[in-house]
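A.B. asks: Got a structure for you, written out below as structure tokens; questions coming shortly.
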Amino acid sequence: MPHFAGNPLSALCALVPVAEGISRRILEAGERGRIYFLSASSGTKSNVIPETAEAKVAITASADDGQAADRILLHLRDELFREAQGMADVYRVQAEFIDGKSLIDK
């Protein structure tokens, strides 16, 4: 039944505002970092729930020293992965990360 199918595009759309707020939630005062959604794509047919949804994301960080910036990048990436997995669970789809890309599918 199509109305019970998981929709990866809905999961991805719901993830965008959550992910863009991660840096405000988890970074300490003085730490600088952001998650940006650059593009998203899914399916090629109209009136059909897409099999996959894919996002291109950029994570930026800056700090007074390189080690701190690397730690911030990893912290933001790990939190993004955790949020994506949680969103996938809510929408009954799977989240997967390939070569830095997020792929959400049924």
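The values are calculated or read from the model by the stated rules, or taken from the named source; none is laboratory data. Keep in mind it's a predicted model, so treat the numbers as computed, not measured. A quick note on method: Cβ atoms are made from the backbone with ideal geometry, for glycine too, and the neighbour counts reach across all protein chains shown.
A.B. asks: Give the residues of region 1-45 that are hydrophobic (A, V, I, L, M, F, W, C) and more than 19 Å from L73 (Cβ to Cβ), sorted by residue number.
C.D. replies: Going residue by residue through region 1-45, those that are hydrophobic (A, V, I, L, M, F, W, C) are 1, 4-5, 9, 11-16, 18-19, 22, 26-27, 29, 35, 37-38, 40.
Selection gives M1, F4, A5, L9, A11, L12, C13, A14, V16, A40.
A.B. asks: Mind checking which residues of region 5-29 are of a type in the set (G, A, S) and at pLDDT below 90?
C.D. replies: Pass one, region 5-29, residues of a type in the set (G, A, S): 5-6, 10-11, 14, 19, 21, 23, 29.
Listed by number, the residues that qualify are A5, G6, A29.
A.B. asks: Can I ask one more? Name the one entry in A58, A63, A84 that is over 19 Å from P17 (Cα atoms) and of a type in the set (G, A, S).
C.D. replies: Numbers: A58 fails: over 19 Å from P17 (Cα atoms); A84 fails: over 19 Å from P17 (Cα atoms).
None of the other options fit; the residue is A63.
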